[in-house]
Amino acid sequence: MQDKGIPKEQIYQMLRKYKNNDLTHRSGKILGSMCTCPDPVGVKAYSMFLESNLGDPGLFPGTKALENEVIAMLGEILGKKDVHGHIITGGTEANLMAMRAARNLCNVKDPEIIVPKSAHFSFKKAADMLCLDLKVADLDEDYKMDLASVENLISPNTVSVVGVAGTTELGKIDPISDLSNICLENDIYLHVDAAFGGYSIPFLKDVGYDLPEFDFSLPGVSSITIDPHKMGLAPIPTGGILFRERKFLEVMAIETPYLTEDLQSTVVGTRTGAATAATWALLKYLGRGGYQEVSRKCMEITYILAEGVEKAGFELITHPELNIVAFRSSEISVEEIARKLENKGWAVSLASYPKAIRIIVMPHLKLEHIEAFINDLNHI
Ligand code: 0PR
């Protein structure tokens, strides 16, 4: 570190040089990301609350009121207005909190959780950090959690079953309604990871898409992860965790002797209020109608992409249920396809099960990008 400070204009110039090495969502080249260009209204709201710390909410009662309103709005979207929860850093932290609540609720010596083979890797982190034994349920022929497999894995040590509404690799929605029944019958905590689907399934249902129930309207659902920084268009890092009952937060509350709150249930202490402000602003600004449009447009482009992929001679892994298209070829490996697409400037990602090229049709992908992509796909 140099002794004397550098003039700010020079600093900004230096930063721009680094930034120029980054890809941007706006370029339309990022095809494998669940994040997107944050909406400017959310960015402005975020920047207005940079000094707000929800880890010490007594100092920021305005931001705390915003968080309460956001949680109620997200609860309303997910079938229950009087839910309890927090705006946090993202899906990983949300899943970690849910698993911690589930574990703490049960007093078992060797706790186990049951997740589908399609679950996000954050559950492996949660299992490691919380000393949980991870039991992996098989998928059915449509890549959704297999119910017979779940029932076989249930044991007296099961503290939670996890279903996913919008899987990371294929965008599939697990049979949450059946999981809800199974969990009610066995008195097991059911967590729904809707980090991706939470901000789209309800809105797509509004506009006529035939998608299954997955939220608190199902009585067995105990908690839901929903990420504003994915389909919610909020800046990174913004995640959400919602619990059906306050006691799920209370079982993991830690005393905080010198803060303006007595108890804290979140993983992090100092916690930005900016994410809450951005989420609040976007929910108010876009409204239900705005989010319906966002999801509807993504789905329309998803279908165009799926059709283009098939016409180009590739095999779709599955009919897209949400805005993810996954495909492979009988002639060349997915690694080879990815390499060729990367040479043409596309940043694609690979699904692991089954192996496939995976494209997430996020709001930054416009029709012209997808048309250019299909054109390149035809010529690899
Ligand atoms: N749950 C689900 C269903 C997810 O898909 C993800 C992340 C998480 C939880 C974890 O969320 P956080 O990453 O917010 O903690 N899904 C994406 C993935 O792993 C995240 C992502 C986003 C990856 C943008 C790359 C990228 O460029 O694929």
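Brief remarks on what is shown
- For the residue pairs Lys117/Lys230; Lys44/Lys117; Lys135/Lys284; Lys44/Lys247, the C-alpha atoms sit more than 30 angstrom apart in Lys44/Lys117; Lys135/Lys284; Lys44/Lys247.
- Length added when fully stretched, Tyr353-Arg246, from 0.36 nm per residue minus Cα-Cα: 34.9 nm
- Three-way shape call for region 159-286 based on the alpha-carbon gyration tensor, with the a/c threshold at 1.5: oblate
- Each of Asn186 and Val207 was given a label point 7 Å from its Cα along the Cα-to-Cβ line. The distance between the two points is 3.8 nm.
- Rg and Dmax over the alpha-carbon atoms of region 54-102 stand at 11.8, 32 Å.
- At q = 0.11, 0.17, 0.19 Å⁻¹, base-10 log of I(q)/I(0) for region 197-352 (Debye sum, equal scatterers on each alpha carbon): -0.65, -1.14, -1.24
- Cα centroid of region 292-323 to Cα centroid of region 68-123, whole Å: 29 Å
- The simple Förster model, with R0 at 22 Å and r as the Cβ-Cβ distance, assigns Arg26 and Asn375 a FRET efficiency of 0.65.
- R0 of 25 Å, Cβ-Cβ distance Glu307-Lys117: FRET efficiency to nearest 0.05: 0.35
- Label-to-label distance, nm, for residues given as Arg288 and Asn107 (7 Å Cα→Cβ offset): 4.4 nm
- Cross-link reach list, aspartates and glutamates versus Lys64, counting only Cα pairs under 17 Å and skipping chain neighbours closer than eight places: Glu51, Asp56, Asp82, Glu261, Asp262
- For region 301-380: rounded, prolate or oblate by the Cα gyration tensor [a/c cutoff 1.5]: rounded
- Rg and Dmax over the alpha-carbon atoms of region 36-162 stand at 18.1, 52 Å.
- Length available on full extension from Asp140 to Asn343: 0.36 nm per residue minus the Cα-Cα distance, which gives 69.6 nm.
- Share of pairwise Cα-Cα distances greater than 27 Å in the chain is 51 percent (whole percent).
- Shape call, region 89-130: gyration tensor on alpha carbons, a/c limit 1.5: oblate
- Accessible surface of the chain, 1.4 Å probe, proportion on carbon and sulfur as whole %: 52 percent
- The amide H of Ala351, built 1.01 Å from its N in the peptide plane, has Ala356, Ile357, Arg358 as neighbours under 5 Å, considering only residues 5 or more places off or on other chains.
- Anchor Lys311: lysines whose Cα lies under 24 Å away (excluding residues fewer than 8 positions away in-chain): Lys29, Lys172, Lys297, Lys340, Lys344, Lys355, Lys366
The values are calculated or read from the model by the stated rules, or taken from the named source; none is laboratory data. In this text the structure is predicted, and so the values were computed from the model without any measurement. Because the Cβ atoms are built from the backbone with ideal geometry, glycine has one as well, and the counts that use them run over all protein chains shown. When the accessible area is computed, the model is the full protein with side chains, heavy atoms only, and any ligands, DNA or RNA have been set aside. Shrake-Rupley method; radii C 1.70, N 1.55, O 1.52, S 1.80 Å.
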